[in-house]
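Note sheet for the following structure.
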Amino acid sequence: MLELKTYQKAELSALFGTRNTQGLERKMERYGITFEKSGRGNRATYTITAIKDPFKIFCITELDFDGGTDFHKVRNFYYYYFNDEEFMAMPDEVKEYRMKKEGNPVTRQTIATYIGKLDAKGLINRNTTNFVYYFANRQTQRRAERAEYNQAWREYWESVNGGSPSSDAIWDMRVNYGGVARKQAIPDINGIYNDKIEYMMGLIVQSIENEMGD
């Protein structure tokens, strides 16, 4: 995590993925990082004196986001994701609907990318046996118990195995249960990274507070 302190060039090169001195300095300037340089070449040191958007830099250096990402959307999504347990457990299509309703639209595909970044770095674990069950019909979803979910699919397969077309069996499921039976894994937060998650959430809250104060 980038802090307001002095770094060797090699440390910053590893953080920002470039060994070229000019490329490194231009990248930091483009990211809103103010620094003072001492020395030349590979022996140079950089004292970071200010970071315009610490959350953005965190996402780039710790979660491997591209610098051209819309970090305002990332920030808002992670704020809901880590602060609202119900939101975290929702299917991605419901998350998409909720974000749009809140005035912070994020597509389902983008949501999957944001969550994938957390999973790739081990902050969450999606290989879980804990699921949320629901019936989906366009923009509406109805939460369900596992037994009802299983019953709906049992009836579907009985209908298909009895000779009915799949489309008819799905139609019957919609009529009988109000939608198509689906499930989604509820990710577990990796306790090993609690400190990193708390640090990130601190950056998010500070960013929101700064925005509200503008």
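The values are calculated or read from the model by the stated rules, or taken from the named source; none is laboratory data. This is a predicted model, so every value here is computed, not measured. For neighbour counting, all protein chains shown are included, and Cβ atoms are generated from backbone atoms with ideal geometry for every residue, glycine included. Side chains included, ligands, DNA and RNA excluded: accessible areas come from the protein's heavy atoms. Shrake-Rupley method; radii C 1.70, N 1.55, O 1.52, S 1.80 Å.
Checking each residue in region 16-51 for being part of a strand (DSSP E or B), within 19 Å of T69 (Cα to Cα) and in contact with a Lys or Arg (Cβ under 8 Å, 6 or more places away or on another chain) picks out only I33. Note on region 18-49: residues that are open to solvent by 30 Å² or more (accessible area, probe 1.4 Å), touching a residue at least 24 places away in the same chain (Cβ under 8 Å) and within 26 Å of K121 (Cα to Cα) total 2. R174 meets the conditions (1) open to solvent by 70 Å² or more (accessible area, probe 1.4 Å); (2) closer than 20 Å to D84 by Cβ; (3) in a helix (DSSP H, G or I) in every case but one. The failed one is (2). Applying the set (1) touching a helix residue (DSSP H, G or I) at 6+ places or on another chain (Cβ under 6 Å); (2) on the phi > 0 side of the Ramachandran plot to G103 leaves exactly one unmet item: (1). Quick one: is K95 touching a Phe, Trp or Tyr at 6+ places or on another chain (Cβ under 9 Å), among the basic types (K, R) and open to solvent by less than 10 Å² (accessible area, probe 1.4 Å)? Yes; evaluated as a whole, the condition is true for this residue. Modelled with pLDDT under 95 and surrounded by 15 or more Cβ atoms within 10 Å (Cβ to Cβ): does that describe L15? Yes, satisfied.
The selection criterion, being of a type in the set (V, I, T), in a helix (DSSP H, G or I), modelled with pLDDT under 95 and open to solvent by 50 Å² or more (accessible area, probe 1.4 Å), holds for I192.
Looking across region 120-149, the residues that are open to solvent by 60 Å² or more (accessible area, probe 1.4 Å) and assigned to a loop (DSSP other than H, G, I, E, B) come down to K121, R126, N127, T129, N130, R138, Q139, E145. Kindly check whether there is at least one residue in region 4-11 that is in a helix (DSSP H, G or I), of a type in the set (D, E, K, R), open to solvent by 60 Å² or more (accessible area, probe 1.4 Å) and without any contact (Cβ under 8 Å) to a residue 40 or more places away in the chain. Taking every residue of region 4-11 in turn, at least one turns out to be in a helix (DSSP H, G or I), of a type in the set (D, E, K, R), open to solvent by 60 Å² or more (accessible area, probe 1.4 Å) and without any contact (Cβ under 8 Å) to a residue 40 or more places away in the chain.
In the set (1) more than 23 Å from N83 (Cβ to Cβ); (2) surrounded by fewer than 16 Cβ atoms within 10 Å (Cβ to Cβ), the condition left unmet by A152 is number (2).
Cβ-Cβ contacts under 8 Å between residues 6 or more apart (or on different chains), taken from a first residue in region 194-208 that is at negative phi to a second residue that is open to solvent by less than 30 Å² (accessible area, probe 1.4 Å) and outside any helix (DSSP H, G or I), are listed as K196/L123; I197/L123.
Given the structure, is Y81 open to solvent by less than 20 Å² (accessible area, probe 1.4 Å), of a type in the set (F, W, Y) and more than 20 Å from I208 (Cβ to Cβ)? Against the criterion (open to solvent by less than 20 Å² (accessible area, probe 1.4 Å), of a type in the set (F, W, Y) and more than 20 Å from I208 (Cβ to Cβ)), Y81 does not qualify.
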